[in-house]
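What follows is calculated from the coordinates using simple rules that are stated; it is not laboratory data. Bear in mind that the values here come from a model prediction, so they are computed numbers and not experimental data. Cβ: placed from backbone, ideal geometry, glycine included. Neighbour counts: every protein chain shown.
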Amino acid sequence: EAQVTQNPRYLITVTGKKLTVTCSQNMNHEYMSWYRQDPGLGLRQIYYSMNVEVTDKGDVPEGYKVSRKEKRNFPLILESPSPNQTSLYFCASRMDRGEYSPLHFGNGTRLTVT
Amino acid sequence: RKEVEQDPGPFNVPEGATVAFNCTYSNSASQSFFWYRQDCRKEPKLLMSVYSSGNEDGRFTAQLNRASQYISLLIRDSKLSDSATYLCVVARGGGNKLTFGTGTQLKVEL
């Protein structure tokens, strides 16, 4: 089944403890991206990647890192999480860079930082 | 001013009604436009892309007005299953930088 898989689904952590949220897609998509969703603010793009070893900042990259060493994986790294990074995170992928290609989203990761 | 603005709703409509949502965007460099649907606490899913000439998919019609910088979504003969939040999405930078509206909530009632 074609899908984008995020792990974990739920994560509760403490301020400053490094964490990684994994994202993997099995559709051979070139483009992948990360979003956070907060009430009243909608989904905001954190980082995106157009291909292996190519990543770019979205609208809210501060406090996050990403890497794209393999085409299928695009992990989101929080080196020192803070409470304002408590949010619902979505990973998404898309075939090539065609502007009308649909985004396929993962199921989301609900992160709480205390 | 937000880059993409939508009326948050909720829009409560009876089954069978026709309902329309508008979305305005501020960046004239925006290149492509979409409507996504999001059910409560779930991932967004593409409903339809919005093309310059307007497009229709069954009960759904989307239109784009570049001069006035807005897009619209019309849902005819609404079903209970149409209850969801509808997200307006605008892309630029070759389609790589996407901005989502905060969504319009629709509730279809018996």
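Pairwise over distinct Cα atoms, reciprocal of the mean inverse distance: report the Kirkwood radius of the protein assembly as shown in Å, one decimal place.
18.0
Which is farthest toward the positive dipole end of chain A among A:Asn28, A:Gly58, A:Ile12, measuring Cα position about the Cα centre, with Cβ charges +1 (Lys, Arg) and -1 (Asp, Glu)?
A:Ile12
Which value, in debye to the nearest 20, gives the size of the charge dipole of chain B about its Cα centre, when Lys and Arg are +1 and Asp and Glu are -1 at the Cβ?
340
At a temperature of 25 °C and a viscosity of 0.890 mPa s, determine how fast chain B diffuses translationally according to Stokes-Einstein, using the Kirkwood radius over alpha-carbon pairs as Rh; express D in µm²/s, rounded to the nearest whole number.
Here the translational diffusion coefficient equals 176 µm²/s.
Would you mind working out the magnitude of the charge dipole of the range A:50-114 relative to its Cα centre, with +1 at each Lys and Arg C-beta and -1 at each Asp and Glu C-beta, to the nearest 20 Debye?
Computed about the Cα centre, the dipole is about 220 debye.
Would you kindly calculate the mean projected area, averaged across all directions, of the convex hull enclosing the Cα atoms of the range A:1-91, in square nanometres?
Across all orientations, the range A:1-91 yields a mean hull projection of 5.8 nm².
If you only keep lysine pairs separated by 8 or more in sequence, or across chains, how many in chain A come under 19 Å at the Cα atoms?
Qualifying lysine pairs in chain A: 5.
Taking the Cα centre of chain A as the origin, how large is its charge dipole in debye, to the nearest 20, when only Lys and Arg (+1) and Asp and Glu (-1) carry charge on their Cβ atoms?
Rounded to the nearest 20 debye, it is 320 debye.
How much of the DSSP bridge set in the range B:14-110 is antiparallel, in percent, rounded to the nearest 5?
Expressed as a percentage, antiparallel bridges in the range B:14-110 total about 95.
Can you say what percent of the DSSP beta bridges in chain A, counting only those with both residues inside, are antiparallel? Round to 5.
90
In nm, give the distance between the simple-model label positions of B:Leu80 and A:Thr112, each being 7 Å from the Cα along the Cα-to-Cβ direction.
3.2
Return the long-range amide H neighbours of B:Asn12 (sequence gap of 5 or more, or a different chain), with a cut-off of under 5 Å between placed amide H atoms.
It is B:Lys107, by chain and number.
Under 13 Å Cα-Cα from B:Lys79, which aspartates and glutamates qualify once same-chain neighbours fewer than 8 residues away are excluded?
The qualifying aspartates and glutamates are B:Glu15, B:Glu109.
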